[in-house]
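Novice: Here's a structure for you.
The values are calculated or read from the model by the stated rules, or taken from the named source; none is laboratory data. Everything numeric here is computed off the predicted structure, so don't read it as measured data. Cβ sites come from the backbone with ideal geometry, for glycine too, and all protein chains shown count toward neighbours.
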Amino acid sequence: MLFLPQAVTEGGSAGDPGRHAYLWALSHLATRGFDRSVTPTLKVRPGRRRRQSGLDRITSRGRQALAQAEAAARSLGHEIITDQHLLLGLLGVEDGLAARILTNLGVTADAARRAVLAETPEGSLPVDGPMPIDPTLKRHMFETARGKAADLGHNFVGTEHLLLALVEESQTIRDILASVGMDPADVRPALIELLHGQRKDK
């Protein structure tokens with residue numbers, strides 16, 4: 001079972017300064033604000049290649065969504081952070097592109113929360129200590145998010161890329177979105193429309 005900081009730093013050595021930078025960033029997510037556009041870039045020694053994860057270039061809003069996902073899991077009494085909690089986390093970052101896309105397509109945070117509870121009933125026991133993250137979420141969705149960012153010519157992973165990855169990788173998320181009246185296939189076109197609108201405004 002991986003915990004959130006380990007999911008980001010897996011593969012780093014104990015003395016790696018990049019590893020400590022990631023641990024610092026994630027341990028201060030909820031209390032120190034999100035004043036940096038991306039997490040620190042890892043320094044790789046010559047001759048060494050670090051195994052890349054989908055969180056290498058996550059934006060401040062992306063990190064905030066992860067913190068919101070953990071908060072959602074705790075509030076629902078669930079014992080592990082899953083794709084469902086990440087969906088709620090994305091909706092919780094209201095100024096992120098993912099939340100704007102979902103809102104434009106008619107999805108509200110309350111409706112999504114009810115749909116999540118219909119899929120996974122609320123737990124009864126509080127979770128103490130570090131919240132574990134579903135290994136599948138780390139292995140597949142975060143890496144897919146990085147690929148989605150690259151497809152769009154982006155060198156960062158934002159909430160919009162996490163949303164694209166959720167829709168592609170998770171049947172559960174597609175079912176949840178469909179249950180609240182949204183066609184999951186509309187996510188990418190809605191994102192492209194928003195991005196085009198941003199370019200026109202510049």
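Novice: Evaluate the range 170-190: report whether one residue or more is under 17 Å from the mean Cα position of the chain (by Cα), in contact (Cβ under 8 Å) with a residue 12 or more places away in the chain, farther than 23 Å from residue 119 by Cα and surrounded by 18 or more Cβ atoms within 10 Å (Cβ to Cβ).
Specialist: yes
Novice: Here's something else I'd like to know. Looking for something assigned by TED's automatic domain parsing to the domain that holds residue 84, touching an Asp or Glu at 6+ places or on another chain (Cβ under 6 Å) and farther than 25 Å from residue 75 by Cβ - is there at least one such residue anywhere in the range 147-156?
Specialist: From the range 147-156, those assigned by TED's automatic domain parsing to the domain that holds residue 84 are 147-156; that's our starting set.
After this cut, where a residue has to be touching an Asp or Glu at 6+ places or on another chain (Cβ under 6 Å) as well, the list is none.
No, the range 147-156 contains no residue that is assigned by TED's automatic domain parsing to the domain that holds residue 84, touching an Asp or Glu at 6+ places or on another chain (Cβ under 6 Å) and farther than 25 Å from residue 75 by Cβ.
Novice: Could you tell me whether the range 15-28 includes any residue that is modelled with pLDDT under 95, more than 23 Å from residue 165 (Cα to Cα) and either charged (D, E, K, R) or in the same structural domain as residue 143 (by TED's automatic domain parsing) (or both)?
Specialist: yes
Novice: For residue 140, indicate whether it is within 16 Å of the chain's Cα centre (by Cα), in the same structural domain as residue 102 (by TED's automatic domain parsing), modelled with pLDDT of 95 or more and surrounded by 14 or more Cβ atoms within 10 Å (Cβ to Cβ). Please lay out each step first, then the result.
Specialist: Numbers: within 16 Å of the chain's Cα centre (by Cα): yes; in the same structural domain as residue 102 (by TED's automatic domain parsing): yes; modelled with pLDDT of 95 or more: no; surrounded by 14 or more Cβ atoms within 10 Å (Cβ to Cβ): yes.
So residue 140 does not fit the description; no.
Novice: Could you check residue 129 against (1) surrounded by 13 or more Cβ atoms within 10 Å (Cβ to Cβ); (2) at pLDDT below 95; (3) not aromatic (Phe, Trp, Tyr) and say which number it fails?
Specialist: Only one criterion in (1) surrounded by 13 or more Cβ atoms within 10 Å (Cβ to Cβ); (2) at pLDDT below 95; (3) not aromatic (Phe, Trp, Tyr) is unmet by residue 129, namely (1).
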